[in-house]
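The values are calculated or read from the model by the stated rules, or taken from the named source; none is laboratory data. Quick caveat, the model's predicted, so the values are computed rather than measured. All Cβ positions, even for glycine, are placed from backbone atoms using ideal geometry, and neighbour counts span all protein chains on display. Only protein heavy atoms, including side chains, enter the accessible area calculation; ligands, DNA and RNA are left aside. Shrake-Rupley method; radii C 1.70, N 1.55, O 1.52, S 1.80 Å.
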Amino acid sequence: MLNIEELIAASVANIVKELSGNEVKPDSILIQKTRKEFEGDFTLVVFPFVRFLRQSPDQAADTIGKSLLQELDLVEKYQVVKGFLNLTLTKAFWQSFLLQSLDNEQFGYRNARSGIGAWPGEGIEAEEADDRPLVVEFSSPNTNKPLHLGHIRNNLLGYSVSLLQEAAGKKVVKVNLVNDRGIHICKSMLAWMMTGDGETPETSGKKGDKLVGEYYVRFEKMLREEADALAREKGLSDDEARNEAPLMKQARELLRKWEEHDPEVVSVWEKMNRWVYDGFDRTYARMGIDFDKIYYESDTYLLGRKIVLEGLKQGLLYRREDGSVWADLADHNMDAKLLLRADGTSVYMTQDIGTAQLRYDDYRPGKMIYVVGNEQNHHFSVLKKVLALLGKPYADAIHHLSYGMVELPAGRMKSREGTVVDADDLMDEMFATAGKMTEELGKTQDFSDEEKAALYQTIGLGALKYFILKVDPKKNMLFNPEESIDFNGNTGPFIQYTYARIRSVLRKAGEARFQAAKKGFAGAPVNEKEKQLLKALHDFPATVLEAAEEMSPARIANYAYELARAYNQFYHDHSVLNEPDEAVSNFRLCLSHLTAQTIHNAMALLGIHVPERM
RNA sequence: GGUUCCGUAGCUCAGUUGGAUAGAGCAACAGCCUUCUAAGCUGUGGGUCCUUGGUUCGAAUCCAAGCGGAAUCACCA
């Protein structure tokens, strides 16, 4: 079915062709929303075809306007302003849009395509890439430290982008790739073995990821002391001293033993990783994030190595004298990339090759989206080149969703300077602030303790998520811990509040009255504030598709804000239930209902809940 | 130095495939609660859209050069 903009555009194309005999390109017909300061609903920019019509812009606009008025019933009138043709659609059009949308709880979402759940299997290769599932990787933490603010942006983005793609009709698989192996985790293990005295999350009461993180910090501290001493004694550079320090040698020895599957080492590794996973799980749960599949690097790096060795056998890669294996990327003006060290161990790129293959085998995705910070832009362009070199069909399917860093007023977070903003702490603070604000406003006197806790969590998380998601992903963003995140203005709680207000009206009206209202508003007059609301609501489905296309939750966040603002302006000026004219009251009730539904659906795409009362 | 990204109000950010007089919020000031939730609404002040050229009927948006900032150019992940 054509939407209204397409319908008008098609009609305009016909008109111009009849008048001038010229075929106009569809994309030269620009239908946009009429700006607030002019009368009208949609605007046609006539400049692109004044040439064909051999008329002044205003004359051309008038000519087209007249024809549209005749041809399309839903065009009520038009006005010409400086080469812009402003069309006003009939009340009937808007009211039937409202009526049709009201019963659709999934308003704005495209239905998920059926039959895609049964992958992988025969025939999947023949399907269009568009019909295949999408794999979205996000979070991807290391297991030596708790999650921090940077991870929060990553998690929220990845989760929201997944929801957006689903809303656009794609089948989505959310995956996490846990970096559970390597020197960093060996450092935590070593510090724990040397100084831990058997401490566990149970004996200490500490969250597992926090506990392991503490040992990582302890290792770094001890290493620093050793390295400083060594640098003084032997006059070594800092890098040399750190490398030469006995602790560092022990950590590397631990890694070597791990790769040899030393049972004792593997057992400590498993134990401490489990602590971390338990901690992460709690943080994810609180954040409202989940995954369909978790990959572990310890499982994928060997596959990567296998693929590299096959590539070498096929002559796609080459071996240097020292035995290391490389990809030649000179054709792409890139330096050669190391894929296996001389000792046969793998690097980051190697395991990413394995991971990509595994995902392809598991899901045959049309696209593999990696939500990873922009510091890894180069890594991903190399990964794609290497996979192409290896002849992998999924090389082009890889899409790096690159996002900007979260910066503090003093710059980047630095663990050495203790400026890392911990994810759990931040959420705790948000919940506490939400509670304080709500108590001050005296809004929850009749709430039970459980209801209060749930509400404060909803508001606190809403504020945090909205704050982060409203910013264009590719831009760096600033977070100032001194100034707590706002609850007024362009914020999550503002939108949540608007929803709660509407729900309050709807509760007062009751379901029976709403059902009756749906049948009883035809022909009611539409005032300016109501028209603004209708236009905003009408925009939602297209906005969802654009946001999905651009992978930008920010588009949805800004949309939700505009919608809430439009409702509040309407609400301020007009009464729903106290309106004496029954048809008008019915109309406003329905308008309120669809607005609530749309706010709910928009916020859901950001992973934000909306409260019935606040 | 090469490559990529960013530069819009005092601050944080919007601004669709180029379209009308560049918008919000915060902060400041002034108003609005006997009426469905004032976490709201209304108003005032605040701009060299980094600069200079180019393309165009039309440029914050596209192109080129320059300036400023960030990331990256690892046998780290």
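For the stretch A:32-56, the residues whose backbone nitrogen is under 18 Å from a point 7 Å from the Cα of A:Val81, taken along Cα to Cβ, are A:32-47. For chain A, the pair-distance distribution built from all alpha carbon pairs, in bins 10 Å wide starting at 0, is 3, 13, 19, 22, 18, 12, 7, 4, 1, 0 percent.
Calculated accessible area for the stretch A:433-605 comes out at 43 Å² per residue, all protein chains present (probe 1.4 Å; ligands, DNA, RNA ignored).
Only helices enter the 222 nm calculation for chain A: every DSSP H run of n ≥ 4 contributes -39,500 (n - 2.57), and dividing by all residues gives -18500 deg cm²/dmol, rounded to 500. For the stretch A:259-318, the normalised intensity computed at q = 0.12, 0.17 Å⁻¹ comes to -0.53, -0.79 (log10 of I(q)/I(0), Debye sum over alpha carbons, equal scatterers, no solvent). What's the carbon and sulfur percent of the stretch A:186-268's accessible surface, probe 1.4 angstrom, rounded to a whole number? Result for the stretch A:186-268: 50 percent of the exposed heavy-atom area is carbon or sulfur. Using a probe of 1.4 angstrom and keeping all protein chains present, the accessible surface of the stretch A:226-378 works out to 52 square angstrom per residue.
Counting only Cα atoms, I'd like the Rg/Rh figure for the stretch A:273-404, Kirkwood definition for Rh. Could you put the intermediate results ahead of the total?
On the way: Rg = 16.2 Å, Rh = 16.1 Å.
So for the stretch A:273-404, dividing Rg by the Kirkwood Rh gives 1.01.
Using 0.36 nm times the number of residues separating A:Lys414 and A:Thr345, minus their current alpha carbon distance, what extension gain do you get?
Numbers: separation 69, 0.36 × 69 = 24.84 nm, distance 2.97 nm.
Extra length available between A:Lys414 and A:Thr345 comes to 21.9 nm.
Of the GluC sites (Glu not before Pro) in the stretch A:255-342, which ones lie in a loop per DSSP and count no more than 12 other C-beta atoms within 10 Å?
Values: sites: A:Glu259, A:Glu260, A:Glu264, A:Glu270, A:Glu297, A:Glu310, A:Glu321; in loops: A:Glu260, A:Glu321.
The qualifying sites are A:Glu260, A:Glu321.
Estimated at the nearest 10 Å², the accessible area of A:Leu316 is 60 Å² with a 1.4 Å probe. Taken over the stretch A:433-605, the ratio of Cα radius of gyration to 2.2 N^0.38 Å equals 1.12. Spin-label model, A:Lys475 to A:Leu316: label points 7 Å out along the Cα-to-beta-carbon direction sit 4.1 nm apart. So which trypsin sites (Lys or Arg not before Pro) in the stretch A:16-64 pass both tests, a DSSP loop state and at most 14 other Cβ atoms within 10 Å of the Cβ? The qualifying sites are A:Arg35, A:Lys36, A:Arg54. Placing A:Glu450, A:Glu407 in order of accessible area, with the largest value first and a 1.4 Å probe, yields A:Glu450, A:Glu407.
Under a 1.4 Å probe, what is the accessible area of the stretch A:4-89 per residue, stated in Å²?
57
Computed from the C-beta positions of A:Ser575 and A:Lys36, the FRET efficiency with R₀ = 22 Å rounds to 0.45.
Just to confirm a number: summing +1 for Lys and Arg and -1 for Asp and Glu over residues other than A:Glu429 whose beta-carbon lies under 15 angstrom from that of A:Glu429, what do you get?
Working: positive: A:Arg286, A:Lys436, A:Lys465; negative: A:Asp422, A:Asp424, A:Asp425, A:Asp428, A:Glu482, A:Glu483, A:Asp486.
So the environment of A:Glu429 carries a net charge of -4.
List the DSSP H helices in chain A whose Cα atoms stretch 15 Å or more along the helix axis and whose mean Kyte-Doolittle hydropathy is at least 1.0. Helices meeting the criterion: A:183-195. Summarising the strand pairing of chain A, around 50 percent of its internal DSSP beta bridges are antiparallel.
Electrostatic tally near A:Ala60: other residues with Cβ closer than 10 Å to its Cβ, Lys and Arg +1, Asp and Glu -1, net 0. Positive end of the charge dipole of chain A (Lys, Arg +1 and Asp, Glu -1 on Cβ, about the Cα centre): tell me which of A:Trp258, A:Ser160, A:Asn86 has its Cα farthest that way. Working it through, the farthest residue towards the positive pole turns out to be A:Asn86.
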